[in-house]
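Everything on this sheet refers to the single structure shown next.
The values are calculated or read from the model by the stated rules, or taken from the named source; none is laboratory data. Keep in mind the model is a prediction, meaning the values are calculated, not measured. Cβ: placed from backbone, ideal geometry, glycine included. Neighbour counts: every protein chain shown. Each accessible area value is taken on the protein alone, full model and side chains, heavy atoms only, with ligands, DNA and RNA left out. Shrake-Rupley method; radii C 1.70, N 1.55, O 1.52, S 1.80 Å.
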Amino acid sequence: MRRGSDRLECWFRRLLMLVLVLGLPAAAVGAGVTAYEASMRTVRAQAAERHQVTARLTTGVERDDEWAKRPVQVRWTEADGVVRTGAALAKPGTPEGATLRVWVTRDGTVTAPPVSALNATTSGWMVGGMAAFGVAAGSAAAWSGLRLVLDRRRYAQWDAEWDLVEPRWSARFRR
(Lines give C-alpha, C1' and ligand atoms only; values in the text may rest on other atoms or scores of the structure.)
Protein backbone atom coordinates (compact mmCIF):
# COMPACT_ATOMS: atom_id res chain seq x y z
CA MET A 1 0.00 0.00 0.00
CA ARG A 2 1.86 3.06 -1.29
CA ARG A 3 0.58 6.56 -1.67
CA GLY A 4 1.22 8.60 -4.79
CA SER A 5 3.51 10.84 -2.76
CA ASP A 6 5.60 7.80 -1.78
CA ARG A 7 6.04 6.86 -5.43
CA LEU A 8 6.98 10.45 -6.32
CA GLU A 9 9.49 10.51 -3.49
CA CYS A 10 11.05 7.25 -4.66
CA TRP A 11 11.41 8.45 -8.26
CA PHE A 12 12.78 11.82 -7.16
CA ARG A 13 15.36 10.06 -4.97
CA ARG A 14 16.45 8.00 -7.98
CA LEU A 15 16.73 11.13 -10.11
CA LEU A 16 18.86 12.86 -7.46
CA MET A 17 21.13 9.83 -7.19
CA LEU A 18 21.58 9.94 -10.96
CA VAL A 19 22.42 13.64 -10.71
CA LEU A 20 24.97 12.92 -7.99
CA VAL A 21 26.55 9.96 -9.77
CA LEU A 22 26.72 11.54 -13.23
CA GLY A 23 26.25 15.27 -12.77
CA LEU A 24 28.54 15.91 -9.83
CA PRO A 25 31.73 14.60 -11.49
CA ALA A 26 30.81 16.23 -14.80
CA ALA A 27 30.20 19.61 -13.15
CA ALA A 28 33.34 19.39 -11.01
CA VAL A 29 35.63 18.36 -13.88
CA GLY A 30 34.07 20.82 -16.32
CA ALA A 31 34.32 23.78 -13.96
CA GLY A 32 37.80 22.81 -12.77
CA VAL A 33 39.23 22.40 -16.28
CA THR A 34 37.65 25.66 -17.42
CA ALA A 35 39.11 27.55 -14.44
CA TYR A 36 42.52 25.92 -14.95
CA GLU A 37 42.62 26.82 -18.65
CA ALA A 38 41.58 30.41 -17.93
CA SER A 39 44.26 30.70 -15.26
CA MET A 40 46.87 29.19 -17.57
CA ARG A 41 46.06 31.85 -20.20
CA THR A 42 46.79 34.46 -17.53
CA VAL A 43 50.03 32.65 -16.57
CA ARG A 44 51.22 32.61 -20.19
CA ALA A 45 50.25 36.25 -20.80
CA GLN A 46 52.00 37.48 -17.65
CA ALA A 47 55.11 35.37 -18.31
CA ALA A 48 55.38 36.84 -21.81
CA GLU A 49 54.91 40.42 -20.58
CA ARG A 50 57.04 40.46 -17.43
CA HIS A 51 60.72 39.90 -16.79
CA GLN A 52 62.99 40.16 -13.78
CA VAL A 53 65.81 42.70 -13.47
CA THR A 54 68.42 43.55 -10.85
CA ALA A 55 67.86 47.04 -9.48
CA ARG A 56 69.80 49.19 -7.00
CA LEU A 57 68.16 51.11 -4.19
CA THR A 58 68.56 54.86 -4.65
CA THR A 59 67.68 55.45 -0.98
CA GLY A 60 68.06 53.27 2.06
CA VAL A 61 65.24 51.86 4.15
CA GLU A 62 65.30 52.84 7.81
CA ARG A 63 65.54 50.02 10.35
CA ASP A 64 62.73 49.99 12.87
CA ASP A 65 60.63 47.59 14.93
CA GLU A 66 58.25 46.77 12.10
CA TRP A 67 58.99 43.80 9.87
CA ALA A 68 56.85 44.83 6.89
CA LYS A 69 58.55 45.73 3.62
CA ARG A 70 58.53 49.39 2.65
CA PRO A 71 58.31 51.10 -0.73
CA VAL A 72 61.64 52.49 -1.90
CA GLN A 73 62.96 54.04 -5.12
CA VAL A 74 65.09 51.75 -7.30
CA ARG A 75 67.04 52.19 -10.54
CA TRP A 76 67.95 49.63 -13.17
CA THR A 77 69.28 49.45 -16.70
CA GLU A 78 67.28 47.61 -19.36
CA ALA A 79 68.95 45.29 -21.89
CA ASP A 80 68.75 48.06 -24.52
CA GLY A 81 70.69 50.47 -22.24
CA VAL A 82 67.74 52.59 -21.06
CA VAL A 83 68.01 53.56 -17.38
CA ARG A 84 64.70 53.35 -15.56
CA THR A 85 63.46 54.09 -12.05
CA GLY A 86 60.50 52.88 -10.08
CA ALA A 87 59.22 51.96 -6.65
CA ALA A 88 59.70 48.50 -5.16
CA LEU A 89 59.33 46.92 -1.73
CA ALA A 90 62.43 46.34 0.42
CA LYS A 91 63.02 45.01 3.93
CA PRO A 92 63.67 47.50 6.73
CA GLY A 93 67.39 48.12 7.20
CA THR A 94 68.33 47.63 3.53
CA PRO A 95 71.13 50.14 2.76
CA GLU A 96 71.31 52.52 -0.21
CA GLY A 97 72.96 50.90 -3.23
CA ALA A 98 71.93 47.36 -2.30
CA THR A 99 70.68 45.19 -5.15
CA LEU A 100 67.15 43.94 -5.35
CA ARG A 101 65.46 41.65 -7.89
CA VAL A 102 62.24 43.21 -9.21
CA TRP A 103 59.72 42.23 -11.86
CA VAL A 104 58.98 44.78 -14.57
CA THR A 105 56.65 44.94 -17.54
CA ARG A 106 57.75 45.66 -21.10
CA ASP A 107 57.14 49.37 -20.63
CA GLY A 108 59.38 49.44 -17.53
CA THR A 109 56.76 49.55 -14.79
CA VAL A 110 57.60 47.67 -11.59
CA THR A 111 54.96 45.01 -11.01
CA ALA A 112 54.23 41.85 -9.05
CA PRO A 113 55.73 38.54 -10.15
CA PRO A 114 53.69 36.61 -12.72
CA VAL A 115 51.34 33.99 -11.39
CA SER A 116 52.64 30.46 -11.59
CA ALA A 117 51.24 27.23 -12.98
CA LEU A 118 50.70 26.17 -9.37
CA ASN A 119 48.25 29.05 -9.00
CA ALA A 120 46.37 27.81 -12.07
CA THR A 121 46.30 24.25 -10.76
CA THR A 122 45.08 25.41 -7.36
CA SER A 123 42.41 27.55 -8.99
CA GLY A 124 41.20 24.60 -11.05
CA TRP A 125 40.97 22.32 -8.02
CA MET A 126 39.22 24.96 -5.91
CA VAL A 127 36.61 25.78 -8.55
CA GLY A 128 36.05 22.08 -9.26
CA GLY A 129 35.58 21.42 -5.56
CA MET A 130 33.15 24.31 -5.23
CA ALA A 131 31.17 23.03 -8.21
CA ALA A 132 30.99 19.55 -6.67
CA PHE A 133 29.89 21.04 -3.36
CA GLY A 134 27.28 23.14 -5.17
CA VAL A 135 25.80 20.13 -6.94
CA ALA A 136 25.73 18.12 -3.70
CA ALA A 137 24.23 21.00 -1.72
CA GLY A 138 21.65 21.65 -4.45
CA SER A 139 20.66 17.99 -4.48
CA ALA A 140 20.36 17.93 -0.69
CA ALA A 141 18.29 21.12 -0.74
CA ALA A 142 16.00 19.71 -3.46
CA TRP A 143 15.56 16.50 -1.47
CA SER A 144 14.80 18.38 1.74
CA GLY A 145 12.40 20.71 -0.06
CA LEU A 146 10.49 17.85 -1.65
CA ARG A 147 10.31 16.00 1.67
CA LEU A 148 9.02 19.13 3.39
CA VAL A 149 6.30 19.67 0.80
CA LEU A 150 5.27 16.00 0.72
CA ASP A 151 5.28 15.66 4.52
CA ARG A 152 3.10 18.76 4.91
CA ARG A 153 0.69 17.34 2.36
CA ARG A 154 0.66 13.92 4.08
CA TYR A 155 0.02 15.47 7.50
CA ALA A 156 -2.79 17.60 6.07
CA GLN A 157 -4.38 14.46 4.57
CA TRP A 158 -3.91 12.61 7.83
CA ASP A 159 -5.59 15.46 9.77
CA ALA A 160 -8.50 15.51 7.33
CA GLU A 161 -8.95 11.74 7.64
CA TRP A 162 -8.69 11.91 11.42
CA ASP A 163 -11.36 14.62 11.52
CA LEU A 164 -13.70 12.15 9.76
CA VAL A 165 -12.82 9.10 11.86
CA GLU A 166 -12.26 10.56 15.30
CA PRO A 167 -15.89 11.41 16.19
CA ARG A 168 -17.03 7.83 15.46
CA TRP A 169 -14.02 6.30 17.11
CA SER A 170 -14.21 8.33 20.32
CA ALA A 171 -18.01 7.77 20.61
CA ARG A 172 -17.36 4.14 21.51
CA PHE A 173 -15.70 5.24 24.76
CA ARG A 174 -18.45 7.60 25.91
CA ARG A 175 -21.08 4.93 26.73
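Worth pointing out:
- A count restricted to the stretch 92-111 and to residues that are within 28 Å of the chain's Cα centre (by Cα) and at pLDDT below 90 stands at 0.
- Checking 127, 135, 149 one by one, the residue that is among the β-branched types (Val, Ile, Thr), without any contact (Cβ under 8 Å) to a residue 60 or more places away in the chain and either in a helix (DSSP H, G or I) or open to solvent by 100 Å² or more (accessible area, probe 1.4 Å) (or both) is 149 and no other.
- Here is the figure for the stretch 152-175: residues that are among the charged types (D, E, K, R), assigned to a helix (DSSP H, G or I) and without any contact (Cβ under 8 Å) to a residue 60 or more places away in the chain total 6.
- Residues that are in contact with a Gly (Cβ under 9 Å, 6 or more places away or on another chain) and open to solvent by 90 Å² or more (accessible area, probe 1.4 Å) number at least 1 in the following strands (runs of 3 or more DSSP E) confined to the stretch 1-109: 50-57, 70-77.
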